[in-house]
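Report on the following structure.
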Amino acid sequence: MKTFYISDTHFDHAKIITLCKRPFRDVDEMNAEMVKRWNSVVKPDDTVRFLGDFAWKRTAYWLEQLDGSIEWLLGNHDEKCEPSESPYREVKDGPFKLVLCHYPIVSWNGFHKGAFHFYGHVHGTPLDYMPLDWRARAFDVGVECLDYTPRTAEEIIMKGNT
């Protein structure tokens, strides 16, 4: 069993392709490719910690297409459609202490003790105004930053924020 992280799939949201310059012809291609990439790494007994903004509509349909179980964090588009719990969560994943939030936050519990922060919402927008020590331990896990594929904490942290 593995644990993966990802955010901001926005299934069925056609305008997100243009807004975020996603490399898909249309919403059908985007949806199909994201399901394919998700299921290429996530197995039925795995967990995906999803950091918000799952689907524009047809949430139940998309959940049926995806392997693994999902632990939800609330995003700004989730209030009406996902079984979201909270916008903030602290977890331990192997050797990593993680602070998860749909939104990037400037300081988090454990910031000065080696904890990492995973966030979404900004769709790969560089946060260059944040201090370097922040950028070294805060990671955008939106689909645009993870090649539209859920990743483990180790993969995200070892790859770094490029």
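The values are calculated or read from the model by the stated rules, or taken from the named source; none is laboratory data. Note that the structure is a prediction, hence the values are computed from the model and not measured. Counting neighbours? That spans all protein chains shown, and the Cβs are built from the backbone with ideal geometry, glycine included. Areas reflect the complete protein model, heavy atoms only, side chains present, ligands, DNA and RNA absent. Shrake-Rupley method; radii C 1.70, N 1.55, O 1.52, S 1.80 Å.
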Problem set entry | Residue check for LYS36: open to solvent by 40 Å² or more (accessible area, probe 1.4 Å), assigned to a loop (DSSP other than H, G, I, E, B), of a type in the set (D, E, K, R) and within 19 Å of CYS145 (Cα to Cα) | no
Exercise. What is the one condition in (1) open to solvent by 60 Å² or more (accessible area, probe 1.4 Å); (2) in contact (Cβ under 8 Å) with a residue 40 or more places away in the chain; (3) aromatic (Phe, Trp, Tyr) that PHE50 does not satisfy?
Worked result: (1)
Exercise. What number goes with the only condition from (1) of a type in the set (Gly, Ala, Ser); (2) in a loop (DSSP other than H, G, I, E, B); (3) within 27 Å of ASP12 (Cβ to Cβ) that ALA60 does not pass?
Worked result: (2)
Problem set entry | Where a residue in the range 127-154 is in contact (Cβ under 8 Å) with a residue 12 or more places away in the chain and on the phi > 0 side of the Ramachandran plot and its partner, wherever it lies, is assigned to a strand (DSSP E or B) and of a type in the set (A, V, I, L, M, F, W, C), with Cβ under 9 Å and at least six apart | TYR148/ILE6
Exercise. Which residues, taken from the range 76-101, are in contact with a Ser or Thr (Cβ under 7 Å, 6 or more places away or on another chain) and at pLDDT below 95?
Worked result: ASP78, CYS81, GLU82
Exercise. Among the residues of the range 86-100, which ones are among the hydrophobic types (A, V, I, L, M, F, W, C) and either open to solvent by 20 Å² or more (accessible area, probe 1.4 Å) or in contact with a helix residue (DSSP H, G or I) (Cβ under 7 Å, 6 or more places away or on another chain) (or both)?
Worked result: PHE96, LEU98
Exercise. In the range 106-140, which residue that is out of contact with any Gly (no Cβ under 8 Å at 6 or more places or on another chain) and of a type in the set (Lys, Arg) is least open to solvent (accessible area, probe 1.4 Å)?
Worked result: ARG135
Exercise. Picking from TYR103, TYR5, which residue would you name as being open to solvent by 20 Å² or more (accessible area, probe 1.4 Å) and hydroxyl-bearing (Ser, Thr, Tyr)?
Worked result: TYR103
